[in-house]
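Some notes on the structure that comes next.
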Amino acid sequence: MHVEAATRPLGRTRGAAGVLWRFSRPHTIVGSALSVVGIFAIAADRLGPLPPGEAAFHLAWTLVAALAVNLYIVGLNQLEDVEIDRINKPGLPLAAGDLSPAAGRAIVAGAGVLPVLLALTQGPIETVAVLTALAIGTAYSSPPLRLKRFPMAASASISVVRALVVNLGVYLHFAAAFGGGTEVAPAVWALTLFVLPFSFAIAVLKDVPDAEGDRRYRILTFTVRLGARRAFRMGLAALTVAYLGMAVLGPLLVPAAHPAVLAGTHLAALGLLWWWARAVDVRDRAGFTRFYMRVWVLFFCEYVAVPAAVLLG
């Protein structure tokens, strides 16, 4: 059945747009888009306004490049993990047979080429950021490295891209567009320090519902090595460190931000996280996946809360 289903072309059984949307892993797309917009808001506040048309130009093309890189990374992972996904995530388009491998490869190839071409027209900072993210994404999923097999390397890959490449690379690109030099805004440093443990938590928690397929194909995640409960506690601890760190140290690191907004939003988010966590059963795959997606909602909120604190400061 899987062989026959895998030969179905894009869009035969479901709308092409819907299949592509699922292939893009929407929560990661939204996270990347909000990251770029939030960092742009911080850059605009710190470095002064650009003419509206020029500002829209830089924001739009940076968004396109970031989303294409995101699509390349998640798409390549699905191409390499079809058999694992048939166990862990059977609803994904390749695993379900709603997207052919040939169509998937074409999408991934286009998503890899597009941001490189755009970056070459936007300057060396964006070029370095794009090439770094593509290289890490390739090493994460593909042989010979296939870093996802090793829990520390896998979590480091996700953390480097989300925390360093996105936050620092995108800000420095916008700073160059604004003529602001190479000094990174304190708010972006604070975001980077926050996202390091947060993205580590994402890397740990995403594997908790996937232990069956990962174990069968020898993907030695923290869940496979330590057990689901310990992995859950590890992820929750990393998130707690991130939120308490921003609530306590954020007002000191970002003196231009509104301290009550910065501290209050993060303490509220931490309380909400623990409220959700109290009812988590790591043996319930569907229930744990809902919790994991709520963690992504908190990630989305971060790129609203920190820019808001800066703009209100």
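The values are calculated or read from the model by the stated rules, or taken from the named source; none is laboratory data. Just so it is clear, the model here is predicted, and its values are computed rather than measured. Here Cβ is always computed from backbone atoms with ideal geometry, including for glycine, and neighbour counts include all displayed protein chains. For the accessible areas, the whole protein counts, side chains as well, though only heavy atoms, and no ligand, DNA or RNA atoms are used. Shrake-Rupley method; radii C 1.70, N 1.55, O 1.52, S 1.80 Å.
Applying 1/(1 + (r/R0)^6) with r as the Cβ-Cβ distance of residue 249 and residue 82 and R0 = 45 angstrom yields a FRET efficiency of 0.55.
To the nearest 20 debye, what charge dipole does the chain have about its Cα centre, counting +1 at the Cβ of each Lys and Arg and -1 at the Cβ of each Asp and Glu? Charge dipole of the chain: 1040 debye, to the nearest 20.
The helix-only estimate of mean residue ellipticity at 222 nm for the chain, built from DSSP H runs of length n ≥ 4 each weighted as -39500 (n - 2.57), is -24500 deg cm²/dmol after division by the residue total. Between the alpha-carbon centers of the stretch 61-107 and the stretch 134-207, tell me the distance in whole angstrom. Taking the Cα centre of each part, the stretch 61-107 and the stretch 134-207 sit 20 Å apart. When the Cα positions of 90, 250, 160 are compared along the charge dipole of the chain, 90 comes out farthest toward the positive end, with charges on each C-beta of Lys, Arg, Asp and Glu. Each Lys and Arg contributes +1 and each Asp and Glu -1, all at the Cβ; summed about the Cα centre of the stretch 180-313, the dipole is approximately 620 debye.
Packing around the peptides 233-241, 198-206, taken as the average count of other Cβ atoms within 10 Å per residue, puts them in this order, highest first: 198-206, 233-241.
Be a star and scan the stretch 276-300 for residues whose amide nitrogen sits under 12 Å from the point 7 Å along the Cα-to-Cβ vector of residue 216. Hits in the stretch 276-300 for residue 216 at 12 Å: none. Computed extension gain for residue 256 through residue 300, at 0.36 nm per residue and net of the alpha carbon distance, reaches 13.6 nm.
Packing here is the average count of other Cβ atoms within 10 Å per residue, and on that basis the peptides 93-99, 272-278, 174-180, highest first, run 93-99, 174-180, 272-278.
For the stretch 172-262, the solvent-accessible area of protein heavy atoms averages 43 Å² per residue (probe radius 1.4 Å; ligands and nucleic acids excluded).
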